[in-house]
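Participant: Please find one structure pasted underneath; my questions will follow.
The values are calculated or read from the model by the stated rules, or taken from the named source; none is laboratory data. This structure is a prediction, so every number in the text was calculated from the model and none was measured. Each accessible area value is taken on the protein alone, full model and side chains, heavy atoms only, with ligands, DNA and RNA left out. Shrake-Rupley method; radii C 1.70, N 1.55, O 1.52, S 1.80 Å.
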Amino acid sequence: MKIFLLHTLLTLLILSTESSLALTIPKDSSLTTQVVTANCDIPQNFQASYGTSTTYYLNWTIVIGSMIRYRVRYRSLGYADWIEEPITPNPHTKLTALTNGVTYEAQVQTLCDNQPTGYSSSVTFTTMCQSPLSIDVYEVKWTSALALWGNYGPEVIYEIRWRPVGAQTWPNNFTLATTSYEFTDLAPETSYEFQLKTRCSDGNVSDYSTSYFFRTTNCPLPLSVKEYDLVNTQIQLAWLVNYDQIVDLHWRLVGSPTWTVIENLPAPNPNQGGGQATGSYILDNLTPNAVYEWGVQSICSSESKSSFTAPRTFTAICGKVDFMGEFQIQPTSAEIYWRAVYGISYRVQWRSKNPANNAWQTLPDQLMQSFGILTHLFNGLTPGEEYEWRIMTVCSANSSSSYTEPRSFTTTCAPPGNCFTDYSTSSSARVMWSYLGPDAQYRVRWRREEINTWTEGQPTSNAYYDINSLQPGIHYWQVQRICNDRPGSYSSDNLFIAYCYPVHYLSTTGVSSTSAQIQWKAFDNNTNYKIQWRPSGTEGWPQSATTTAVGMYKLNKLLPETNYEWRVQTLCHDTNQSDFSEINSFTTGLAPSVVTIKAGVWTDPSIWSVNRVPTEMDLVEIHHAVTVLSGTSGKARIIQYSPGGKLTIDSTAQLKIH
């Protein structure tokens, strides 16, 4: 049986804190993506992004090609000599050891296979200790919120102050070395403002920024924000919200000033009330190797929205498989699975780990033609052998991921599942598990709670085992499967308590006017049962019987049209007795009428419709002349007459009405 499994988060390449506002290329040399261009272009969109009194960040658009590097030079405006920065593969750089209050100019050139282009036109900037940029608030909740801002680098520290809107003073003031601050212990549904300033390494201090505002809310923030299925130009974004929750999503290139907003993404399941579910959105047409950030917010109403979640980043690469595993591991076979993306191929390698330097065997690429899980079944494996395997994502002919870290499995004989105790008494128990086919063999072992030594049973082909000769108390049991005469591992512990339990599942069937069949769920064949029954309202239990019948007993000679109740007590093999079961009840039916079919004497069976003489249980209907002769007697429960019916009782005769 295939196992359909939930997908999990792909491993992301996250920007470093220092360059979180700059566009970067991942340095993972295992990526095989490579696109060659015939032209070696001067970088475009060269700009001075932001800086402090001693540093400045420059960035530009990536030049696509082979062996691309960049060189930046800069100087004080009006000076003749340039200062060259070290060559870098990244489309950004950070200038350091600058002087406060000085205006600089900078240029950048491309080196393609170490052949330089001309330099770009100059950009100018003036160093000063600036208040933080890119300030925003995320994760706004009932009593907390998170502020984030751009990172000027390790040379600076920051000061933050905050207060409720309308307050006259700033009672909260903190110095921070990080680019985030979590507001806590806030009042619900209250507006707040905060400001930031920068303390630069040369002692200069910026002014406070303008105020930024937020309001605590009761609109729940989306949870478990994650990325899945990263395949170059496409990624799936996911989050956890209530079933009926609508969300907005925003995303952008890292460093871009503008968010792209996708509004009113539908609830995961608006027709199902209560609980939570995963919402998702596939973002495509991404630029390979570019770095993106994104977040989501809940829309509770037009007036009530949560904040956006804190930005998450990802790099548009051909990502490695992250969700993968093994199942159905048998002595000579095993099946592997992994989460796959429609239209993407995957390459599997595998080998035995004995010896450890075995060559990898490569399977043909598998193309995912639907959505969900891909699998592969290995056959012809050696029992008890350890194997390992790994996967490469093949996004296109010239773009693939590195292989995942190897996973390993050992061919074995897994124990059966769904273990449970069918019943137990004070001296026995029947344990059961999933049936694995007619050729399967099993062995059970058990022990008392206070004893460490296991008692093993004989192998069996049944999906159950009867354990006998127990002592009352707590017991543990396990089961293993035996494959090709090789015993597998035992299951985890299962528990039962040896105790003389009362029976359950009482029922009554086959009820007539004078009899009924009573039933219960029986234990083993060595257990006896004591049955008691009585007409409802009777004091005590005047009628009882002991039986070895497995779960049923027939009550006879009952009164018609009478409500009865009954119960059962377990008499265990070791002389222990249970409490009586709960009481079960039933009502007997009407007795059939015994009718005269001709005139005659009472004791003549031929005058009666049933060809017998009535008893004390019978309803008698007399339609003819009937005589109870002297020296004889008659019995009936009720006697009824019809026109023409006549009963004569001689002087020494008797007629008993019950």
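Participant: With the contact rule set at Cα under 8 Å and sequence spacing of 6 or more, what percent relative contact order holds for the chain?
Facilitator: Rounded, it is 7 percent for the chain.
Participant: Using the heavy atoms of the protein chains and a 1.4 angstrom probe, tell me the accessible area per residue for the range 462-533 in square angstrom.
Facilitator: It amounts to 48 Å² per residue over the range 462-533.
Participant: What accessible surface, in Å², does a 1.4 Å probe find on Y104, ignoring ligands, DNA and RNA and rounding to the nearest 10?
Facilitator: In the full protein context, Y104 sits at about 20 Å².
Participant: Just to confirm, what accessible area per residue do you get for the range 270-389 at 1.4 Å probe, in whole Å²?
Facilitator: I get 46 Å² per residue for the range 270-389.
Participant: Now a separate question. Quick one: work out Rg over Rh on the C-alpha atoms of the range 423-579, Rh as Kirkwood radius.
Facilitator: 1.11
Participant: Per the Kirkwood treatment, what hydrodynamic radius in Å, one decimal, follows for the range 380-462 from the mean inverse distance over all distinct Cα pairs?
Facilitator: 17.5
Participant: Okay, moving on. Roughly how many Å² is the accessible area per residue of the range 150-250, as a whole number, for a 1.4 Å probe?
Facilitator: Counting only protein heavy atoms, the per-residue value for the range 150-250 is 44 Å².
Participant: Continuing with this model, one more query. Kindly give the semi-axes, whole Å and largest first, of the ellipsoid equivalent to the range 206-245, taking each as the square root of 5 times a Cα gyration tensor eigenvalue. Mind dumping the intermediate values first?
Facilitator: Details: eigenvalues 195, 89, 8 Å².
Values for the range 206-245, descending: 31, 21, 6 Å.
Participant: Jot down the radius of gyration and Dmax of the range 135-179, Cα atoms only, both in angstrom.
Facilitator: My reading of the Cα-based Rg and Dmax gives 12.3, 35 Å.
Participant: Along its three principal axes, how long is the chain when you only count alpha carbons? Whole Å, largest extent first please.
Facilitator: Principal-axis extents of the chain (Cα, largest first): 154, 73, 50 Å.
Participant: Pop out the carbon and sulfur fraction of the accessible area of the chain as a percent, whole number, probe 1.4 Å. Provide the component values of the computation, followed by the final result.
Facilitator: On the way: 15680 of 32580 Å².
Result for the chain: 48 percent of the exposed heavy-atom area is carbon or sulfur.
Participant: With θ set to phi - 60°, apply the Karplus curve 6.51 cos²θ - 1.76 cosθ + 1.60 along the range 540-553 and write out the HN-Hα couplings as whole Hz, x wherever there is a Gly or Pro.
Facilitator: Per-residue couplings from phi come out as x, 10, x, 10, 8, 7, 10, 9, 9, 4, 7, x, 7, 7 Hz.
Participant: Here is a further query. For the range 144-158, just list the computed ³J(HN,Hα) in residue order, Karplus coefficients 6.51, -1.76 and 1.60, θ = phi - 60°, integers in Hz, with x standing in for Gly and Pro.
Facilitator: Calculated HN-Hα couplings, in order: 8, 7, 10, 9, 10, 8, x, 9, 7, x, x, 7, 10, 10, 10 Hz.
Participant: Here is the link list: K530/K554; K557/K635; K320/K353; K530/K635; K226/K353; K141/K320. Which ones come out longer than 25 Å on Cα distance? Let's see the in-between values first.
Facilitator: Values: K530/K554 13 Å; K557/K635 16 Å; K320/K353 23 Å; K530/K635 34 Å; K226/K353 35 Å; K141/K320 34 Å.
Listed pairs above 25 Å: K530/K635; K226/K353; K141/K320.
Participant: Turning to a different aspect of this structure: Could you tell me the extents of the range 313-422's C-alpha atoms along the three principal axes, largest first, rounded to whole Å?
Facilitator: 53, 40, 27
Participant: Would you mind checking the radius of gyration and Dmax of the range 133-241 based on alpha-carbon positions, in Å?
Facilitator: 16.8, 53
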